[in-house]
Amino acid sequence: RGCNNFCSYCVVPYVRGPEMSRPPETIIDQIKKLADHGVKQVTLLGQTVNSYKYKQGEKTWSLADLLLAASDVEGIEWLRFVTSYPFEEFFDEIMQVMAGSPKVCEYLHIPAQSGSDKILRAMNRNYTAAWYLELLDRARAIVPGISIAGDFIVGFPGETDEDFQATVDLTKKARYKNAFVFKYSPRPGTTADKRLQDTVPAEIKQRRNIELLAVQEKISGQLSRDFPGKQVKVLVEGLSKKPHLNAPETGDNLQLIGRTSGDWIVVFNGPESLAGKFAEVKITRVSPLTLFGELV
């Protein structure tokens, strides 16, 4: 809980306080109780979840240790964790656990926020764009096939066209499965609000937001084209927003939605009773952010 990073645009350290890691046994007990109630997937949450660290006698627990312990809980089949900050400490260990445990989903949400070193310094992000991309390379080397998602803020104070182009370039090199893009807006109480003037006009923020999303959509579309003909395992979340679309007039065969281990959204027809269970789906067609298939 909490955060020690003090990114200049973020209010979390002020409202939630410094980082505090919960005792591992408390977390594992909570996971066991969820498993006893039929839960199949658990997500470990933290503002910077990969900075989890808990000293217990001679041992210091990291997120890698916690994932290993949670993997031993009977009944839990998938484990996720969000959101990760680009830290060096324990990074390889966490990726090695992901590579070695069939329960740890091959998905990493690790925001970059900008591709410009100048803007990263103004954001107090404490890394460079090149180092960030090297971190992604290490993740992919340890976990082949990993899905990576990112976050960006466009229109941060002082962001020039050249700075934005650096963000576009990083996005193209990072090849995220998906990325969340936000237009900068001042948060009262933050360093950016106190010390930096919101210099980028709203219409430029909007234009950069649309452009970056378009760049990412093209990348997502390219990645999704690897799926047709493949069979994927999905955890079924339930009915889609249009459950009767392409469904027969009678029978329990509605449109369902689920997710893969790599967080790809999968839409297919099947019985509503599959909600909360795992299913095998053969992918027949794709869009940039959604896979469509048939129940196997």
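The values are calculated or read from the model by the stated rules, or taken from the named source; none is laboratory data. Here the structure is a predicted model, which means the values were calculated and not measured. Cβ: placed from backbone, ideal geometry, glycine included. Neighbour counts: every protein chain shown. Ligands, DNA and RNA are excluded from the accessible area calculation, which covers all protein heavy atoms including side chains. Shrake-Rupley method; radii C 1.70, N 1.55, O 1.52, S 1.80 Å.
Some observations on this one:
- The phi torsions of segment 206-217, fed into the Karplus equation with coefficients 6.51, -1.76 and 1.60 and a -60° offset, translate into couplings of 4, 5, 5, 4, 5, 5, 5, 4, 5, 4, 5, 4 Hz, rounded to whole numbers, with Gly and Pro shown as x.
- Computed from Cα atoms alone, the Kirkwood hydrodynamic radius reported for the chain is 20.8 Å.
- Projected-area mean, segment 148-270, by convex hull of Cα positions, square nanometres: 10.6
- Kirkwood radius for segment 107-150, taken over all pairs of different Cα atoms as the inverse mean of 1/r, rounds to 11.0 Å.
- Most mobile of 283, 110, 148 in a GNM of the chain (Cα contacts under 10 Å): 283
- In the elastic network of the chain, a GNM with C-alpha springs shorter than 10 Å, the most mobile of 85, 176, 54 is 54.
- Over the chain, Cα pairs under 8 Å with separation of 6+ residues give a relative contact order of 13 percent.
- Per residue, the solvent-accessible area of segment 196-296 (1.4 Å probe, heavy atoms of protein chains only, all protein chains present) comes to 56 Å².
- Other-chain or far-sequence residues with amide H under 5 Å of residue 104's (modelled H): 79
- Karplus-based coupling profile of segment 161-171, in residue order and whole Hz: 4, 5, 4, 5, 4, 5, 5, 4, 4, 5, 4, with θ = phi - 60° in 6.51 cos²θ - 1.76 cosθ + 1.60 and x standing for Gly or Pro.
- Segment 155-261: relative contact order as a whole-number percent, Cα under 8 Å and 6+ apart: 26
- Each principal axis of segment 60-116 carries a Cα extent, and these read 45, 23, 15 Å when sorted largest first.
- Exposed loop sites are taken as trypsin sites (Lys or Arg not before Pro) in a DSSP loop (any state but H, G, I, E or B) with at most 10 other beta carbon atoms within 10 Å; the longest stretch of the chain without one runs 1-224.
- Cross-link reach list, aspartates and glutamates versus residue 172, counting only Cα pairs under 13 Å and skipping chain neighbours closer than eight places: 211, 217
- Whichever aspartates and glutamates have a C-alpha closer than 14 Å to that of residue 40, once near sequence neighbours (fewer than 8 apart) are set aside: 72, 74, 77, 237
- For the chain, modelled as a GNM whose springs connect Cα atoms under 10 angstrom apart, the maximal fluctuation among 245, 63, 254 occurs at 245.
- Descending semi-axes in Å of segment 71-157, equivalent ellipsoid built from Cα gyration tensor: 28, 13, 10
- Long-range amide H partners of residue 180 with built H, under 5 Å: 150, 151, 152
- Taken one residue at a time, the phi angles of segment 40-49 give Karplus couplings (6.51, -1.76, 1.60, θ = phi - 60°) of 9, 10, 10, 10, 7, 10, x, 4, 9, 4 Hz. Gly and Pro are set to x.
- Counting DSSP beta bridges with both ends in the chain, the antiparallel % (nearest 5): 55
- From helices alone, the chain scores -10500 deg cm²/dmol at 222 nm; the rule is -39500 (n - 2.57) for each run of n ≥ 4 DSSP H residues, then divide by the residue total.
- Candidates per chymotrypsin sites (Phe, Trp or Tyr not before Pro) in segment 252-296, loop by DSSP, up to 11 other Cβ within 10 Å: none
- Heavy-atom accessible surface of the chain: percent carbon and sulfur, 1.4 Å: 52
- For the set 32/230; 173/242; 53/183; 55/103; 55/194, the pairs lying more than 27 angstrom apart at their alpha carbons are 32/230; 173/242; 53/183; 55/194.
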